[in-house]
Amino acid sequence: MDRQTAGLGQDPDANGFFGRYGGMFLPPQLEEPFAEIIEAYHRIANDATFINELRMIRKTFQGRPTPVYHARNLSLKNGGAQIYLKREDLNHTGAHKLNHCMGEGLLAKFMGKKKLIAETGAGQHGVALATAAAYFGLDCEIHMGEVDIAKQQPNVLRMRLLGAKVVPVTFGLRTLKEAVDSAFEAYLADPKNAIYCIGSVVGPHPFPLMVRDFQKVVGIEAREQFLEMTGNLPDAICACVGGGSNAMGLFSGFLNDPTVGIYGVEPLGRGPGVGDNAATMSYGREGVIHGFRCYLLQNEDGSPAPVYSCASGLDYPGVGPEHCYLKDAGRVSYVSCTDGECRDAFFQLCRLEGIIPALESAHAVAFALKKAREVGRGTILVNLSGRGDKDMDYVIENWGIGEA
């Protein structure tokens, strides 16, 4: 894999902390399995055979590099700043998730594991991991909240077609946070034969580091492509942030370019009320969830607060620890957009560019449209992290087909 410096030149320390955030808050029975994962990852991360195999997979199976596309019609409609899209929706399986899932599958093969276990919200991570499991000949078990299963039926069917067992999660809010809880419990039952493949830059060390490293390919490609297309770096880049994997992938390519403004876009949902959004950076405070410390939307007793977003992949009460570090360092600005703004951006991209985006990605597009209208000039690069096939039923049921 490509190992550029990231996090303002900082990897986490030996205990997995980016400043105050991250770490490993584990039950005793998982300390040894996670130590095994750390040791294995650091070995393969510098192993030429592993790196070359992963590069070949990306080229011949995933279809990388994905292009950067100039959304000229969208730009003209929204004030004149030129909007560009990094087309991760064209990555095999339809989103950025396969970038780290193929890496995690290759790591599992290297470690002699027989089964991949994971959570999923929007289903894109589940589909990508089921794809990786099929490719490497491994069993696969995906935990998914009942609410998200109902919203994301196309992806549920894809997972099952690919051979994965989909486990409905029926407790709590029955969304992404509970799916993570359920997947962790399943991994606890058999850490010897299984590996838990976390779907974002969250969780105990080494997953925030490992997933970021596998996703760096997005930022490395985008920076080179944008320079080749325009002769300059973008004035601003943006990506949606739930856990934050697609954002860290893009941001990593530009963190050390001081002229590039970097924006993480969180879901404001229905508004600022508790339970109406998943805007962790705006309304959260430090806490611990799923084995790591981060900004966290939480109740008065410190337990995770209920969250909501129209985008199933963003309704998580925590956020990646490196994002927290970058917020405190002032390098990345974290903003938010509502369901309504997401809806409008979704339909604009459909009608003006012939691209149906994932609702997660439409949050980043919404911010880019707002930014373009504000500045009126310059360039904005959006990570279009996924395509919207999975969201069609939800969109039509709730918003219709938009204005003709």
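Take the alpha carbon atoms of the range 367-398, find their center, do the same for the range 153-210, and report the distance between the two centers in whole angstrom.
Using only Cα atoms to place each centre, the spacing works out to 27 Å.
Short version: what are the Cα gyration tensor semi-axes of the range 292-354, square root of 5 times each eigenvalue, largest first, in whole Å?
Over the Cα atoms of the range 292-354, the semi-axes work out to 28, 17, 9 Å.
Which entries in LYS216/LYS390; LYS177/LYS371; LYS97/LYS177 show an alpha-carbon gap greater than 28 Å?
Beyond 28 Å: LYS177/LYS371.
How far apart, in nanometres, would the label points at VAL274 and MET111 be if each is projected 7 angstrom from Cα along the Cα-to-Cβ direction?
3.7
Can you pull out the chymotrypsin sites (Phe, Trp or Tyr not before Pro) in the range 1-108 whose DSSP state is coil and whose Cβ has at most 16 other Cβ atoms within 10 Å?
PHE25
Output the relative contact order of the range 347-404, whole-number percent, from Cα pairs under 8 angstrom with separation of 6+ residues.
Relative contact order comes out at 40 percent.
How much FRET efficiency would the formula 1/(1 + (r/R0)^6) give for ASP139 and ASN46, where r is the Cβ-Cβ distance and R0 is 25 Å, rounded to 0.05?
Computed FRET efficiency for ASP139 and ASN46: 0.30.
Kindly flag which residue pairs out of LYS86/LYS165; LYS113/LYS165; LYS109/LYS165 have an alpha-carbon separation exceeding 24 Å in this structure.
In this structure, LYS86/LYS165 exceed 24 Å between Cα atoms.
Skip the ligands, DNA and RNA, and give the accessible area per residue of the chain with a 1.4 Å probe, whole Å².
It amounts to 36 Å² per residue over the chain.
Taking amide H positions as placed in the peptide plane 1.01 Å from N, state which residues far from LEU162 in sequence (5 or more) or on other chains have amide H under 5 Å from it.
Close amide H contacts, sequence-distant or interchain: none at all.
Pick out, in residue order, every one of the chymotrypsin sites (Phe, Trp or Tyr not before Pro) in the range 114-190 that is DSSP loop and has at most 16 other C-beta atoms within 10 Å; say none if there are none.
PHE171
Hey, any idea what % of the chain's accessible area is carbon plus sulfur with a 1.4 Å probe?
Within the chain, the accessible surface is 50 percent carbon and sulfur.
The values are calculated or read from the model by the stated rules, or taken from the named source; none is laboratory data. Note that the structure is a prediction, hence the values are computed from the model and not measured. No Cβ is skipped: glycine too gets one built from the backbone with ideal geometry, and neighbour counts run over all protein chains shown. We work out accessible area using only protein heavy atoms, side chains counted, and drop any ligands, DNA or RNA first. Shrake-Rupley method; radii C 1.70, N 1.55, O 1.52, S 1.80 Å.
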